[in-house]
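Worksheet: the structure to be examined is printed underneath.
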Amino acid sequence: MLSLPRLTPETLQFVLLSFEGPDEYATAGGLGVRMKELALELARQGFRTHLLFVGDPDLPGREDVRENLTLHRWCQWLSAHHRGGVYEAEEAKLTEWNTTLPGFVVDEIVRPAAERGVLTAVLAEEWHTAHSTCMLSDQLWSAGLRDRSVILWNANNVMGFDRIDWARLGYCSQITTVSRYMKHVMWGRGVNPLVIANGIPAERIVRPSDEAIQRLRTAIGRQELLFKIGRWSPDKRWNMAVDALALERQMGREATLVIRGGVEPHALEVLHNAYARGLSIVDLRLPRDIDGALAAFAEAPGADIYNVQTFMSDELVALLYGSADAVLANSGHEPFGLVGLEVMAAGGLAFVGSTGEDYAVPYLNSVVLDSDDPTEICIALQYLRDHPDVAERMRREATATATSFSWATIIEDTLLGKLQYVAVRQDVHGGAVNGEARALAPTGALSPPGQAAAAYGGKAAGRIAVAPMPPATQSKRREP
């Protein structure tokens, strides 16, 4: 009979591995938000959780931020010399990560837990952690701890896919992703990942008050408010948003667009396009508090586009989500679409693309755009003006959708079930261990490291020079 491990806060701890994390220094996009919020919810549910990421060099290397949650800031000595954010000196940080992190996880996190009879679930994120995931599996096997660890590696995007040794990664871990769209994309890489959707914190599923919305709309001072936030990437279809605003202005609409991008050079192309379309742009540096931000909007000269160039708090972003006539999360390639779900949590009107947003239902909880034609946005805006009852219904349904995608629901209904499945596949067992290293195999049963490397194409995943690796066959999960 199939024996399923009990996965409860008493029998399981989590280790989250990601370049991005909760520090402002370590947040460059949705990945940092995902890791922060997933870690908080796991801890809230009682699971001992460790989050390892490339953190702020001026904060503690290890910090217990709340009960059950410990942050481990990696590569701080490098970050101290490269203060432009998590991805500055990226290759040097990646080498440091691959060289030092796996051994720490084995000795300082997994081994003590195993000696207490507690299993460890390792959730690694994105291409930066692919090579270290394989190394971690190898070192756990060498330490006699591989059968006390469930290892998952997750793809949130296709970036860095050409730097991953997929055969080896699938050999050492269970590959997962965040949407059916990404699952289909990854079939082209010869892998068939499990799908575990993104989530949002339940406490963020709150629509701003009518008073707060009115204060923001008054401060901005235009009849129609659009909002867009994300990296400056062509995938995000920034020019489509700008062109839609230009069309709205040509039709006489008193519309303005608030934007918040990243640091990518595509910003220059987008802003040049806006100027070419005759749109006025005002750069804004907003205070972090809501009152200060609203005062800055009110004091700024009128503009077609307000280009926010400072960090925006979750509270301010949520207020913009809930207040806007449309939040343009109109990406052409979106593995999941976390922004769209966050908009729904604030009772906002999300205009999403038609790729990884599995939660989006056209004109029930969102507007789903099928093209890169800005006219499609304008037509949808006009429809919602003509049918305010539909817009209000969409806001209500959006809130209900967000509730079904809360992190609490995702963890309880999806993640733990998938972990049980993977634990069986990887032959993971409970119970305390004495910490003695496992004999790897009978003499001659494993090929020499050189032959193992040749089997994986003669190079390490991520193309990073690291110490010689144990034979990859050591970390193969044992099939049931």
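What follows is calculated from the coordinates using simple rules that are stated; it is not laboratory data. What you are looking at is a predicted structure, and each value in this text was computed from that prediction instead of being measured. Virtual Cβ from ideal backbone geometry, glycine too; neighbours counted across all protein chains shown.
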Within region 51-69, backbone nitrogen closer than 17 Å to the virtual label 7 Å beyond the Cα of T100 toward Cβ
51-63
Per residue of region 314-324, in order, report the coupling 6.51 cos²θ - 1.76 cosθ + 1.60 (Karplus, θ = phi - 60°) as ³J(HN,Hα) in whole Hz, putting x for Gly and Pro.
4, 5, 5, 4, 5, 5, 5, 4, x, 8, 6
Taking the Cβ of D58 as the center, what net charge do the other residues with Cβ under 13 Å away carry, scoring Lys and Arg +1 and Asp and Glu -1?
-2
Taking Cβ-Cβ under 4.7 Å as the only way to count a partner, pick out the unpartnered cysteines of the chain.
C75, C378
For K183, which aspartates and glutamates qualify as cross-link partners when the Cα separation must be under 18 Å and same-chain residues fewer than eight apart are set aside?
E125, E126, D162, D165, E334, E357, D358
Assuming R0 = 60 Å, can you tell me the calculated FRET efficiency for the pair K418 and T218, based on Cβ-Cβ distance, to the nearest 0.05?
0.80
So for region 203-404, what are the equivalent ellipsoid semi-axes in whole Å, largest first, each being the square root of 5 times an eigenvalue of the Cα gyration tensor?
22, 20, 17
Note to self, the chain gives a 222 nm [θ] from helices alone (DSSP H runs n ≥ 4, -39500 (n - 2.57) apiece, / all residues, nearest 500) of -11000 deg cm²/dmol
Which angle between 0 and 90 degrees, to the nearest 10, do you get for helix 30-44 versus the longest principal axis of the chain when only C-alpha atoms count?
60
Neighbour cut-off at most 16 other Cβ (10 Å), DSSP loop, GluC sites (Glu not before Pro), region 244-297:
E254
Cα centroid of region 51-91 to Cα centroid of region 245-288, whole Å
33
Calculated FRET efficiency, A408 and L4, Cβ-Cβ r, R0 22 Å, to nearest 0.05?
0.50
Lys and Arg at +1, Asp and Glu at -1: add these up for the other residues within a Cβ distance under 15 Å of L123 and post the number.
-1
In whole Hz, the Karplus estimates of ³J(HN,Hα) for region 348-364 (6.51, -1.76, 1.60; θ = phi - 60°; x where Gly or Pro) are x, 9, 8, 9, 10, x, 10, 10, x, 7, 4, 7, 8, 10, x, 6, 9
Between D291 and N192, what is 0.36 nm times their sequence separation minus the Cα-Cα distance? Round to one decimal in nm.
30.8 nm
Which of the peptides 231-239, 296-304 is most tightly packed, and how do the rest follow, going by the mean number of other Cβ atoms within 10 Å of each residue?
231-239, 296-304
Sorted by Cβ neighbour density within 10 Å, fewest at the top, the residues K93, K36, K228:
K93, K36, K228
Between 0 and 90°, nearest 10: helix 266-276 axis offset from the chain longest Cα axis
10
Packing-wise, with mean Cβ within 10 Å as the measure, how do 185-195, 394-404 rank, highest first?
394-404, 185-195
Gain in span if fully extended, D370 to S313, counting 0.36 nm per residue against the direct Cα distance
17.4 nm
Label-point separation (nm) for V206 and M251, each offset 7 Å from Cα along Cα-to-Cβ?
3.5
Which order do Y359, Y87 fall in if you start with the one that has the fewest other Cβ atoms within 10 Å?
Y87, Y359
Report the net charge of residues surrounding A39, where surrounding means a beta-carbon distance below 13 angstrom and charges are Lys +1, Arg +1, Asp -1, Glu -1.
-3
Where does the Debye-calculated log10 I(q)/I(0) of the chain sit at q = 0.07, 0.08, 0.12, 0.14 Å⁻¹, using only Cα point scatterers of equal weight, no solvent?
-0.40, -0.51, -1.06, -1.34
